[in-house]
Amino acid sequence: MAKTVFVKDTAITGKDRTRDFYGFFLGGLREKGLENDVQLVRVADIGVYGQGMVVRVLPEDFLYVNVQDSDIPAVITESVIGGKPIKDKLFTQASKQARIVLRNCGVIDPESIEDYIARDGYQALAKVLGEYTPEKTAQEIKASGLRGRGGAGFPTGMKWEITRKAPGDQKYMICNGDEGDPGAYMDRSVLEGDPHSVVEGMIIGGYAIGASKGYFYIRAEYPLAIARIEKAIEQCRKHGILGEGILGSSFNFDLEIRLGAGAFVCGEETALIASIEGKRGYPSPRPPFPSIKGLWGKPTCINNVETLANIPVIILKGGSWFAGIGTEGSKGTKVFAVTGKVKNSGLVEVPMGTTIEDIVYGICGGALSGKSVKAIQTGGPSGGVIPKEYFQTKVDYESLQKMGSIMGSGGMIVMDEDDCMADIAKFYLGFCVDESCGKCAPCRIGGTQMLRLLKKVTDGEGTRKDLDQLEQISFAMQKASLCGLGQTAPNPVLSTLHYYRSEYEAHVDKKKCPACKCEKLIRFLIMSEKCVKCGMCFKACPVGAISGNRESGYLIDQTKCVRCGQCFEVCKPRAISRS
Amino acid sequence: MDKAVIEQEVREIADSWKGKEGNLIMVLHQIQNRYGYVPREVSLVLSEILDVPLARIYEVITFYHFFRLTPPGKHTISVCMGTACYLKGGAEILGELEHLLCVKPGETTKDGQFHLEVVRCLGCCGLAPVVKIGEKVYGGVKKKDVGDIITQYSEDSEAKTAA
């Protein structure tokens, strides 16, 4: 692999802000006549913060921080030419991250099969085709303890074994890339950043279950992911990795892409199958499970993108190696998309069992400046919130479930003191109501009624009875809905009611929103003692609710006020209170 | 649109998916790529070619958010209302757009320039709040930036009409 050097020459804080560090480095390379042999890339973010200029030398992966202009010649002679690290400049990241799924993301060119092969790509496939029987392949995955990363956490090896044993001459492998959970984008990153690892996982899965055909089901909203997978499949066909007699064995397997069309419910296995069959994405009752009767009535194994990206590594390093990472019930790593009110949002891959605190504060740097974190939400519209007091909780399937949330696909939304829990619950429920397919009554009617009650609460018209009723409908939906969408849709409501009941009660009893988020419950008032009578609020008000003049001061007419908050924002002396 | 032309175009699209089971959604994707939406005339022709009842085609089109039955505006503005964007003020951005363009989500402006829509997560939550116009993604959008962003597009179109 050719030499590549990444430089990050923008620092947000500190004395050395942006300067032409890249230019200096390029100059240094020119002096040695290396400008055509070394690929110098300027990057905006390298995952290290507050450490000045950062340089990363690949393929050795030396990471240098706080690099000064005067250090450049040494870095070039020692590391770029010599291939040796400069010990005292080397940055050892006290990172709690472990990269298995994201091992190649950002390291290889995703459109180059050669790059992938250079990083042990398709070695695992060669290994199973040459040395393993399909039974042994499934056994190895079973031994690893890998569980489905799409949310439910079903043991992958067991799924493969059931599908392999199911009677039928034709079987199918499906990759579920219908990542619809708002706030989660780990599957997209893997499909775009390392498509071949998912393809390899699919082929190995196909071999293990005895399928000759596999489908990628990818959201139409992810055009780049689709293009990269298309290209990867094409390259594989050319290299004899897909098609008849793969890598000289007697195993035949081919892949095809099918696109989603913007329906969240299609992430559910049976709905996804209906969608691939060209129908509307209605779920169907289980059993029979897809492993027995799936696509076109044939045994079908559906695995999530992240699950599949784990497969090649497990095969190469062995199931027991993988089982050594993580906790007792949850093995390996999990990728989280940490977003929301957090300093460094992005993808984080940690071993199972890492605490939430380590992720939110240790890796992601905590709340945005001036605020404090209130809670996190995991599992998207099917999950729940975990308050700050419980941030010692470990992330694994069991612990999160015990907290009333779920692992889900791995979205982790950080919320701060400005976020109202009733409003968040309303947001998620609104999403599920929008996305409910309407087939079964508990989800269709229950969701709508719950949303109506929540709206009442956030509008300040709710009563205590409404809160009880919310709980009752939630339980009914959990028990009686047909598929996962309806069964889990009440989770955000139940978990916020559990941890933040007092906040709901403030809405219904005092008609107040403690976080000052629910528009109808906010009051803007001008505090005359702080007011400097500048008249900015008077000018800013779009509805003419502020009256007065520069002599007598100003007043807000509450009956006219639409609570847009513009006066609050323009008031320099902070003389307008929001409560 | 001329029926003969439609028939030829639709046949070309359908032929590439011939013999593959469950091809309806994929064919509809290509039709929408070609026309920007799925016109009724095209569905009628498609129904004949694929030998699928029109009701089945409409069943699929109306179920999936992605398919459109009406022509989109010249520029499609997608406002992300995923969780991260919602927390960081996506609703405010949407309100400002509604106010500036005088349309509700799902509607097209009278001059056909802008189609406003709400999407559930564009998958770039790190940039929240996000607005996408055409294929261009605007991250970290503030309420006060919205007007400027829109103006770029309307000026662009005015300049072209003048030329």
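The values are calculated or read from the model by the stated rules, or taken from the named source; none is laboratory data. As the structure is a computational prediction, the values presented were derived from the model and not from experiment. All Cβ positions, glycine included, derive from the backbone under ideal geometry; neighbour counts span all protein chains shown. Please note that ligands, DNA and RNA were not included when accessible areas were found on the heavy atoms of the full protein model with its side chains. Shrake-Rupley method; radii C 1.70, N 1.55, O 1.52, S 1.80 Å.
Observations
- Any hit, segment A:473-481, residues being part of a loop (DSSP other than H, G, I, E, B) and either surrounded by fewer than 24 Cβ atoms within 10 Å (Cβ to Cβ) or within 13 Å of another protein chain (Cβ to nearest Cβ) (or both): no
- Filter pass, A:Ser249 being within 24 Å of A:Arg164 (Cβ to Cβ), in contact with a helix residue (DSSP H, G or I) (Cβ under 6 Å, 6 or more places away or on another chain) and open to solvent by 30 Å² or more (accessible area, probe 1.4 Å): yes
- Residues satisfying the stated conditions in segment A:325-349, i.e. in a strand (DSSP E or B) and of a type in the set (Gly, Ala, Ser): A:Gly326, A:Ala337, A:Gly340, A:Gly346
- Index of the failed condition, A:Gly319 passing every other in (1) touching a Cys at 6+ places or on another chain (Cβ under 7 Å); (2) under 22 Å from A:Gln123 (Cα atoms): (1)
- If you check A:Glu161, A:Glu192, A:Glu221 for being under 26 Å from B:Lys88 (Cβ atoms) and out of contact with any strand residue (DSSP E or B) (no Cβ under 8 Å at 6 or more places or on another chain), only one passes: A:Glu192.
- Qualifying residue in segment A:169-187 (condition: farther than 30 Å from B:Lys132 by Cβ, within 14 Å of chain B (Cβ to nearest Cβ), buried (at least 24 other Cβ atoms within 10 Å of the Cβ) and aromatic (Phe, Trp, Tyr)): yes
- Members of segment A:436-450 that are more than 9 Å from A:Ser481 (Cα to Cα) and buried (at least 21 other Cβ atoms within 10 Å of the Cβ): A:Ser436, A:Cys437, A:Gly446, A:Gly447, A:Met450
- Pairs, first open to solvent by less than 10 Å² (accessible area, probe 1.4 Å) in segment A:208-226, second assigned to a loop (DSSP other than H, G, I, E, B) and charged (D, E, K, R), C-beta under 8 Å, six or more apart: A:Ile209/A:Lys171; A:Ala211/A:Lys171; A:Tyr217/A:Asp178; A:Ile218/A:Asp178; A:Tyr222/A:Glu179; A:Ala225/A:Arg219
- Residue under evaluation A:Leu247, criteria (1) of a type outside the set (S, T, N, Q); (2) touching an Asp or Glu at 6+ places or on another chain (Cβ under 6 Å); (3) away from chain B (no Cβ under 14 Å); (4) not in a loop (DSSP other than H, G, I, E, B), criterion not met: (2)
- Pairs meeting the criteria (first residue in segment A:316-337 and within 14 Å of chain B (Cβ to nearest Cβ), second residue open to solvent by 10 Å² or more (accessible area, probe 1.4 Å) and in a loop (DSSP other than H, G, I, E, B), beta carbons under 7 Å, at least 6 apart or on different chains) are A:Ala337/A:Tyr185.
- Checking A:Asp181, A:Asp120 one by one, the residue that is acidic (Asp, Glu) and modelled with pLDDT under 90 is A:Asp181 and no other.
- Matching option when the condition is within 13 Å of chain B (Cβ to nearest Cβ) and under 20 Å from the mean Cα position of the chain (by Cα), among A:Glu256, A:Glu221, A:Glu268: A:Glu221
- Residue match in segment A:345-363 (condition: surrounded by 18 or more Cβ atoms within 10 Å (Cβ to Cβ), under 28 Å from A:Ser474 (Cα atoms) and within 14 Å of another protein chain (Cβ to nearest Cβ)): no
- Checklist (1) in contact with a helix residue (DSSP H, G or I) (Cβ under 9 Å, 6 or more places away or on another chain); (2) outside the structural domain of B:Gly140 (by TED's automatic domain parsing); (3) under 29 Å from A:Tyr215 (Cβ atoms); (4) modelled with pLDDT of 90 or more applied to B:Cys80, failing item: (2)
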